[in-house]
Amino acid sequence: MPSTPSLLAQVKHAFPHLSFHEGSDFHWDYATQTIVYPSVLGDGQWSAQLLHEIAHAELQHQSYNRDIELIGKERDAWEYAHSHLAPRFNTSIDNQSIKSAMDSYRDWLHARSTCPNCEATGLETKKHLYVCPACRHEWRVNEARLCGLQRYTIK
């Protein structure tokens, strides 16, 4: 299994069409074709997350219109990282790490879709706009992928 600095060097060489930059957290920026990664080089989780972000790039993930679409893109990126990228770079991504990551996305979606009025599960009718089928309450949410969730009542 390659060390983290070695893996970073390998992926930079293998994906010359992508830019790699240090930042505060992992993410894929489609507009600039950039993989951002934290400067703290850690354990296998770091490697798994790096490969996951490369998977977003390889799958050409851009934006999403509904929150549920993000869950699908995250699932696809983890599957691609696990089945294609990890073997290519002689590393592995354990199923528990993938399950934990997917659980965090599902928790994110659940928090966004929970009605602030009656706590029923709402439906996203437009990007970042939810309505509750139980009480008809409407709210909008912020992006909240990398920051704290905010829900704002509309009516």
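Throughout, read-outs are computed from the coordinates displayed, never taken from laboratory work. Predicted model, so just to flag it, every value in this text is computed and none were measured. Please note: Cβ atoms are built from the backbone with ideal geometry, for glycine as well, and neighbour counts cover all protein chains shown.
Worth a mention:
- For GLN96 and SER83, the difference between the fully extended length at 0.36 nm per residue and the C-alpha to C-alpha distance is 3.2 nm.
- With K and R counted +1 and D and E -1, the other residues having a Cβ less than 10 Å from that of TYR37 yield a net charge of -3.
- Estimated 222 nm signal from helices in the chain, with DSSP H stretches of n ≥ 4 weighted -39500 (n - 2.57), rounded to 500: -12500 deg cm²/dmol
- One compactness figure for the range 85-141 is 1.65, namely its Cα radius of gyration divided by 2.2 N^0.38 Å.
- Sites HIS13 and GLN62, calculated FRET efficiency, Cβ-Cβ separation with R0 25 Å, nearest 0.05: 0.50
- When only Cα pairs below 8 angstrom with a gap of at least 6 residues are kept, the chain shows a relative contact order of 15 percent.
- Candidate values (1) 15.6; (2) 16.9; (3) 16.3, label of the one derived for Kirkwood radius over Cα pairs in Å: (2)
- Model label points for GLU119 and ARG106, set 7 angstrom from Cα along the Cα-to-Cβ axis, are 2.0 nm apart.
- Shape of the range 55-117, Cα gyration tensor, a/c cut at 1.5: oblate
- Between ASP94 and any residue 5 or more places off or on another chain, the built amide H atoms are never under 5 Å apart.
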